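This report concerns only the one structure given below.
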Amino acid sequence: MISTARYTYIPQEQGRPFPLFQKVRWLCFVFILLAVSANLSVNKVQAQDTNVIVTVTDTVPVATKERHSPRKAMIYSMVLPGLGQAYNHKYWKIPIVYAGFGTMVYFIVTNSKAYHDWRDAYQYVSVTQQTSFPPIPVNFFPIPGPPNDLAVKYAEDQLKTGRDYYRRNLEISYILTGVCYILTVVDAVVDANFFDYNINDDLTLKIQPWVPAMGMTSTNKISGGINLTLRF
């Protein structure tokens, strides 16, 4: 943010043409202001950190230097989670990304196995045991046995409740995995946008003389002023 204050000096109108002495005095005033402005600029350069011993200059021209691309970060992160963070040089985030996906995969595998067990047990109790099989020779078409111990331990309504519970957990695990994937992409894009952002602690007050341009005033008087520019 830049705040600019302007103080204008306008000589009082005289009843006669502007004397030569006043013109010389005005030129001296402008010269003094220019000298003060140059002195302040030199002092600001000298007041910088003197602890810097070696200055590294970028040899790549500014016009040809490639800007960090948020689009590339997004594509890399979509292709492989964590690759966008590597492109942004945020390597410490990669273990966090894979820890989150590893947790989601664990919940998906666990809930998927439990869901299939409870579903098979429920289908056995609600369908297979309710079917009347005709008399058949032994070991010709044997009646299917229970798929797991759940079909023996629990009743039909309990098996249905367990099946619905683990199916809901499995769906939530898939949703959370998708949310983690989207957050990974968003994080890579945001970091890429702020990669080239310059955070400067420069708080300076700049003093410059001000002279109005031709046509700004309707009088024949010479006017001028001082520009105070505060950068923060």
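The values are calculated or read from the model by the stated rules, or taken from the named source; none is laboratory data. Because the structure is a prediction, the values reported are computed rather than measured. As a convention, Cβ positions derive from the backbone with ideal geometry for all residues, glycine included, and neighbour counts pool all protein chains shown.
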Residue under evaluation Asp191, criteria (1) of a type in the set (Asp, Glu); (2) modelled with pLDDT under 95; (3) farther than 30 Å from Glu66 by Cβ, criterion not met: (3)
What is the number of the single condition among (1) at pLDDT below 80; (2) surrounded by fewer than 13 Cβ atoms within 10 Å (Cβ to Cβ); (3) not in a loop (DSSP other than H, G, I, E, B) that Val152 does not meet? (1)
Restricting to segment 78-102, give me the number of residues that are over 16 Å from Phe195 (Cα atoms) and in a helix (DSSP H, G or I). 11
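Does any residue of segment 130-140 turn out to be of a type outside the set (Lys, Arg) and at pLDDT 85 or above?
No, because not a single residue in segment 130-140 is of a type outside the set (Lys, Arg) and at pLDDT 85 or above.
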Can you confirm whether Ser112 is modelled with pLDDT of 90 or more, of a type in the set (S, T, N, Q) and more than 16 Å from Leu183 (Cβ to Cβ)? yes
